[in-house]
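Input: a single structure, listed below in structure tokens.
The values are calculated or read from the model by the stated rules, or taken from the named source; none is laboratory data. Bear in mind that the values here come from a model prediction, so they are computed numbers and not experimental data. Neighbour counts run over all protein chains shown; Cβ positions are idealised from the backbone, glycine included.
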């Protein structure tokens, strides 16, 4: 199978279900941004130690993001993708439990923190900000097209997860969190 189809050469692509839309369509922007996030999650995962349990968590997140991408890429009617796996409240709860687990060892957050301090921490913040953008774009999309509320909820919680994950790696790598000082 060839990866190139030449069907997009005129600036249009197909949604799942066959509807042709411009490549700048709101659905393409939404699932493309989730795809970008998925790539950053892979980058973050690849920089973790082989025995780090978060590698498996991140791989699971990548699978959930692929589900979400497929939801955003479906025809407006959504009739042809009923077989696609859904995101559930349990997936959101899993993120919450992971955040609670990591937060147990972290000092109380009393200031805003700036991204950075260690490359892994920085990757977590990049994933967080791309996730927030995906959430904004998907929320805007939902004003004109059907978007599953659980998908928006998952993106919202996932950005929080990446924030806590960044704090976790500041702690475990012995890196100092860079506190924002508005007086400087």
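Can you find even one residue in the stretch 153-172 that is more than 20 Å from residue 104 (Cβ to Cβ), modelled with pLDDT under 95 and in contact with a helix residue (DSSP H, G or I) (Cβ under 8 Å, 6 or more places away or on another chain)?
no
Residue check, residue 100 against (1) out of contact with any helix residue (DSSP H, G or I) (no Cβ under 6 Å at 6 or more places or on another chain); (2) modelled with pLDDT under 95; (3) surrounded by 10 or more Cβ atoms within 10 Å (Cβ to Cβ), all met but one. Which one?
Status for residue 100: all satisfied but (2).
Collect the residues in the stretch 10-24 that are surrounded by fewer than 17 Cβ atoms within 10 Å (Cβ to Cβ) and within 14 Å of residue 147 (Cβ to Cβ), keeping them in residue-number order.
Result: no residue meets the conditions.
With respect to residue 88, is the statement that it is surrounded by fewer than 19 Cβ atoms within 10 Å (Cβ to Cβ) and either in contact with a strand residue (DSSP E or B) (Cβ under 8 Å, 6 or more places away or on another chain) or modelled with pLDDT of 95 or more (or both) true?
Working: surrounded by fewer than 19 Cβ atoms within 10 Å (Cβ to Cβ): yes; either in contact with a strand residue (DSSP E or B) (Cβ under 8 Å, 6 or more places away or on another chain) or modelled with pLDDT of 95 or more (or both): yes.
Taking the combined requirement at face value, the residue satisfies it.
Select from the stretch 36-53 the residues that are farther than 21 Å from residue 134 by Cβ, without any contact (Cβ under 8 Å) to a residue 60 or more places away in the chain and surrounded by 14 or more Cβ atoms within 10 Å (Cβ to Cβ) and list them in ascending order.
52
Would you check if there is a residue in the stretch 59-76 being exposed (fewer than 14 other Cβ atoms within 10 Å of the Cβ), farther than 24 Å from residue 153 by Cβ, without any contact (Cβ under 8 Å) to a residue 12 or more places away in the chain and out of contact with any strand residue (DSSP E or B) (no Cβ under 8 Å at 6 or more places or on another chain)?
no
Looking at 154, 145, which one is closer than 30 Å to residue 19 by Cβ, touching a residue at least 40 places away in the same chain (Cβ under 8 Å) and not in a helix (DSSP H, G or I)?
Values: 154 fails: not in a helix (DSSP H, G or I).
Exactly one of 154, 145 is closer than 30 Å to residue 19 by Cβ, touching a residue at least 40 places away in the same chain (Cβ under 8 Å) and not in a helix (DSSP H, G or I), namely 145.
Considering 109, 114, which residue is in contact with a strand residue (DSSP E or B) (Cβ under 7 Å, 6 or more places away or on another chain) and surrounded by fewer than 18 Cβ atoms within 10 Å (Cβ to Cβ)? Show your work before the answer.
Details: 109 fails: in contact with a strand residue (DSSP E or B) (Cβ under 7 Å, 6 or more places away or on another chain).
It is 114.
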